[in-house]
Amino acid sequence: MQSADLLRCIRCISKAYDGVLKRICSERGLSLLEVKVISFLHNNPEMNTAGDIAEYRLLSKGNVSRAVDSLIRQGYLRRVPDTADRRRVYLYLLPSSAPVTDRIDREWSAFDAKLFCGFGEEEKQQYDRFKELLMQNAETIMEEALAEGDGK
């Protein structure tokens, strides 16, 4: 598989999952970005700043900030400033987000089952090994590029 094939595969999976999330959007009256923010915080509670969401989901900081503001107004999130660094603000899901996160969990489980349909246990284990190796290689390439460049 060439790098371009892998990128196309990642994009296809991402678009397919966005389609799944859009069902939740229409049911709950939320934007796709708002559901992505809730999903990210639900699945990554230790990465709970708007900057984390923007970086790891490859989203614009401005769009994430607007989605966070909207979710706070709707009662799904709360902000908590860092006591040591007032510029840093942590985001926490409120109990009112439970119906959304429960639905996200169910949709993810169904999506995962469909995505890996036809994979036996051995293929799933191979996939995990390949994924780890690809990630290590990508991190090495990224570190080398940052060391050679200006860090941007």
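Here, each number is a calculation from the coordinates, and none is a lab measurement. Keep in mind the model is a prediction, meaning the values are calculated, not measured. Here the Cβ positions follow ideal geometry from the backbone for every residue, glycine too, while neighbour counts run over all protein chains shown.
Observations on the model:
- Relative contact order [Cα under 8 Å, 6+ residues apart], the chain, whole percent: 18 percent
- For the peptides 92-101, 66-75, residues were scored by their other Cβ atoms within 10 Å and the scores averaged per peptide; the highest-first order is 66-75, 92-101.
- When both segment 22-72 and segment 102-152 are represented by their alpha-carbon centers, they are found 20 Å apart.
- Of the residues VAL20, MET135, ILE10, the one whose Cα sits farthest toward the positive end of the charge dipole of segment 10-151, with +1 on the Cβ of Lys and Arg and -1 on the Cβ of Asp and Glu, is VAL20.
- As a rough footprinting exposure proxy, the listed residues CYS117, CYS12 were ranked by other beta carbons within 10 Å of their own, and the order from fewest upward is CYS117, CYS12.
- Linear extension gain, SER14 paired with GLU143, 0.36 nm per residue minus alpha-carbon span: 44.0 nm
- On a per residue basis, the convex hull of the C-alpha atoms belonging to the chain measures out at 154 Å³.
- Dipole magnitude for the chain: about 940 debye, using +1 per Lys or Arg Cβ and -1 per Asp or Glu Cβ, origin at the Cα centre.
- Electrostatic bookkeeping for PHE130 treats Lys and Arg as +1 and Asp and Glu as -1; over the other residues with beta carbon under 12 Å from its beta carbon, the sum is 0.
- Computed over neighbours whose Cβ is under 14 Å from that of ASP69, the net charge equals +4, Lys and Arg +1, Asp and Glu -1.
- Environment charge of GLU34, counting only residues whose C-beta is closer than 12 Å and scoring Lys/Arg +1, Asp/Glu -1: +4
- A helix-only calculation puts the chain at -23500 deg cm²/dmol for mean residue ellipticity at 222 nm, using -39500 (n - 2.57) for each DSSP H run of at least four residues, averaged over all residues.
- Helix runs (DSSP H) in the chain reaching 30 Å along axis by Cα, Kyte-Doolittle at least -1.0: 3-28
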